[in-house]
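The structure appears right after this line, and notes come after that.
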Amino acid sequence: MARFPSGVVVVTTRCQDGTPRGFTASSFCSVSLEPPMVLVCLSNAADSAWSFARCDRFAVSVLTPVHQPLALRFATKGTDKFAVGGLRLGPGGLPTVERALSELDCEAYARHPAGDHTVLIGRVTGVRLGEGSPMVYYDRDFRTLA
């Protein structure tokens, strides 16, 4: 699958105690137009897996090439992903990526076990569009579109 190009997103939520949690994903796509739904796949070994297994809302930020350091930070296990800048609070109170190509607010709709991952499906409740070109993950590296 490393030879299949895909976009890159950061997905965030908050624990019940308000602690922000998040991860980087390249397995993200549209599921339905009516109602609008998306899916993202999360490793069951991720630091944030427990939080996303129980959250009722999450946000998806579609990244641009300038977000590469942030994408790496959110992909690194054991780091404080929220200690450094690059994020802001969206209208629903969830952290989102500053200057993201797009931001989606989602209500958790379903979760499906899939091997060593969980497929998280969200119903899109809000969208904000930014400017720029998408960052692409291909052959185990971040790329840009020509």
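The values are calculated or read from the model by the stated rules, or taken from the named source; none is laboratory data. Predicted, not measured: the structure shown is a model, and the values here were computed from it. Here Cβ is always computed from backbone atoms with ideal geometry, including for glycine, and neighbour counts include all displayed protein chains. SASA here: full protein model, heavy atoms, side chains in, ligands and nucleic acids out. Shrake-Rupley method; radii C 1.70, N 1.55, O 1.52, S 1.80 Å.
Quick look at the numbers
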item	result
Candidate residues R123, R3: accessible-area rank, largest first, probe 1.4 Å	R3, R123
Over the chain: Kirkwood hydrodynamic radius from C-alpha pairwise inverse distances, Å	15.2
Shape call, the range 26-74: gyration tensor on alpha carbons, a/c limit 1.5	oblate
Cα gyration tensor shape of the range 1-86, rounded if a/c is under 1.5, else prolate or oblate by comparing a/b with b/c	oblate
Solvent-accessible area, 1.4 Å probe, carbon plus sulfur percent, for the chain	55
Expected 222 nm ellipticity per residue - DSSP helices of 4 or more, -39500 (n - 2.57), all of the chain, to 500	-2500 deg cm²/dmol
Lys, Arg +1 and Asp, Glu -1 on Cβ, resulting dipole of the chain about Cα centre, debye, nearest 20	160
Stretch gain in nm, segment S133-F4, where the contour uses 0.36 nm per residue and the Cα spacing is subtracted	44.6 nm
Nonlocal amide H pairs with N44, under 5 Å, H built at 1.01 Å	H117, T118
Charge context of V40, other residues only, Cβ under 14 angstrom, K/R +1, D/E -1	+1
Taking the convex hull of Cα positions in the range 63-146, its mean projected area over all directions (nm²)	7.0
Radius 9 Å from Cβ of V127, net charge of other residues (Lys, Arg +1; Asp, Glu -1)	-1
Modelled FRET efficiency - R0 22 Å, D56 with S30, Cβ distances, 0.05 increments	0.55
Long-range HN-HN contacts of R57 with modeled amide H, under 5 Å	A108
